[in-house]
Amino acid sequence: MAINKTLAETFAVDFWGPQCNCAKKPELHRHRIQKTFNTYKEAASFEKDVLSQVAKREYVRPSNNTVQEIADKWFMKKREEAYQRSTLENWRNQKDSYIIPSLGAFKVCDVEVDMIEKAAADWATKVEPVTVNKMLSTLTAMFAMAKRHKLRKDNPASEAERLKLATEDEDGEVVQPDEVYNKDELKKLIDATEPGSKDRIIVMLPALTGIRIGEELGAAWSAMDLKAGKFSVVQAMADNDKGQEPLFKSPKTKSSRPVLDLPQQLIRELKVWKLKCPRSERDLVLPTEDGKPMRRMTISRVLDAAIEKAGLEKRLTPHGLRHTFASLLLNDGAAIAEVAKLMGHKNPAITLKVYTHFVKSETKSIQNLASSILG
């Protein structure tokens, strides 16, 4: 491996990749790789990283596949599965109208986080932030497939920062059945995390209580009565501008849940985690190792890792776990008014609109009314 200065005053890293087996040519062969950087420092950093990967047998040969090819392949795979027509049309629109025009021409191995965030900023000039975040989730699923097929070693879309929402809540658009987990999928996700660990708490809190990500990050031990099984939602954390400390404030609305019941399974996990939890100034349930407030991106990374370990096809955001909570309650026959209160919605009409696919359509209320009157 060598770093050479080019006539264009750039720096080229020139090396031969490790030996590999080729499907067309069974004999072992090596491939030459050349990559150019604007500065020597960038070239040297790349060289060091590649040598480390090779030594650990983690090196992934750069692929010539473009984002468009991967996006089309991912969509074709989804068409073969049992997804609703409306969902497929939504994915097709995201792919053809936004993802491919912005990133389609780039090689999968060349796409970086900043390129994706730049594309997302452009999308935000045309659609609402909540829609942009959904497209980023779709792009994350596409790159997850590329990673599984060894076309690159990481997933830049999962690292891309999601847009801040003006309401700090995505509860507005109708949630589709394939945008949430069923009970079996949720169990697999929870089982993919270590018992009594921070990662398990990160997954279980929103999935079993329906709290928002800001409320999860702002949760304090002083607000949790583990003996009584109660959790008071008294503060939420909002990310501040880059480089500044996060903001802590009261829950989103007056209708936000003041006190929530904690299921026994979650209480057991919280008791174990509390013994290991780092101390923090705000007595946070989910601080960093050095006691600082955890960022939203960390929550997303933990969830993405758990999804991959569980082998789940759906790549949900943390807010998707909140939607999962509501959908499972409604599927079990919970009253809309009860779910609305648990979700902190201003009125049940919001709950009915967002989760209309999960509200049981069959009812015997009329028959029961007549029977109670006439006998």
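The values are calculated or read from the model by the stated rules, or taken from the named source; none is laboratory data. Predicted model, so just to flag it, every value in this text is computed and none were measured. Neighbour counts are summed over all protein chains in view; Cβ atoms, including those assigned to glycine, are modelled from backbone coordinates with ideal geometry.
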Checklist entry - What single numbered condition from (1) over 21 Å from Q84 (Cα atoms); (2) surrounded by fewer than 15 Cβ atoms within 10 Å (Cβ to Cβ) fails to hold for T356? => result (1)
Checklist entry - within 20 Å of the chain's Cα centre (by Cα), modelled with pLDDT under 95 and not aliphatic (A, V, I, L, M): does that describe S300? => result yes
Checklist entry - Does region 338-350 hold any residues that are loosely packed, with under 13 Cβ neighbours inside 10 Å and assigned to a helix (DSSP H, G or I), and which are they? => result A349
Item to check | Hits in region 116-125 - residues which are touching a residue at least 24 places away in the same chain (Cβ under 8 Å) and not small (G, A, S) | outcome: I116, E117, W123
Item to check | Single match in K198, K164, K150, K188 (criterion: surrounded by fewer than 23 Cβ atoms within 10 Å (Cβ to Cβ), touching a residue at least 40 places away in the same chain (Cβ under 8 Å) and out of contact with any helix residue (DSSP H, G or I) (no Cβ under 9 Å at 6 or more places or on another chain)) | outcome: K150
Checklist entry - Right, K95: within 27 Å of L321 (Cα to Cα) and modelled with pLDDT of 90 or more or not? => result yes
Checklist entry - Which members of region 314-336 meet the condition of being part of a loop (DSSP other than H, G, I, E, B) and touching a residue at least 12 places away in the same chain (Cβ under 8 Å)? => result K314, R315, L316, T317, G333
Next on the checklist: Quick check on my filter: what residues within region 117-140 are among the charged types (D, E, K, R), in a helix (DSSP H, G or I) and more than 18 Å from the chain's Cα centre (by Cα)?
Outcome noted: K118, D122
Checklist entry - What number of residues within region 284-322 satisfy the criterion of being touching a Gly at 6+ places or on another chain (Cβ under 9 Å) and within 30 Å of F75 (Cβ to Cβ)? => result 5
Checklist entry - Does E81 count as surrounded by 13 or more Cβ atoms within 10 Å (Cβ to Cβ), at pLDDT below 90 and closer than 29 Å to P177 by Cα? => result no
Checklist outcome for this item: By residue number, the members of region 194-237 that are in a strand (DSSP E or B) and either closer than 21 Å to V302 by Cβ or touching a strand residue (DSSP E or B) at 6+ places or on another chain (Cβ under 6 Å) (or both) are A220, M224, K230, F231, S232, A236, M237
Next on the checklist: For the list (1) modelled with pLDDT under 90; (2) assigned to a loop (DSSP other than H, G, I, E, B); (3) not hydrophobic (A, V, I, L, M, F, W, C), I need the number of the one condition that D178 fails.
Outcome noted: (2)
Checklist entry - Looking at region 84-116, which of the residues that are part of a loop (DSSP other than H, G, I, E, B) and over 21 Å from the mean Cα position of the chain (by Cα) is surrounded by the most Cβ atoms within 10 Å (Cβ to Cβ)? => result G104
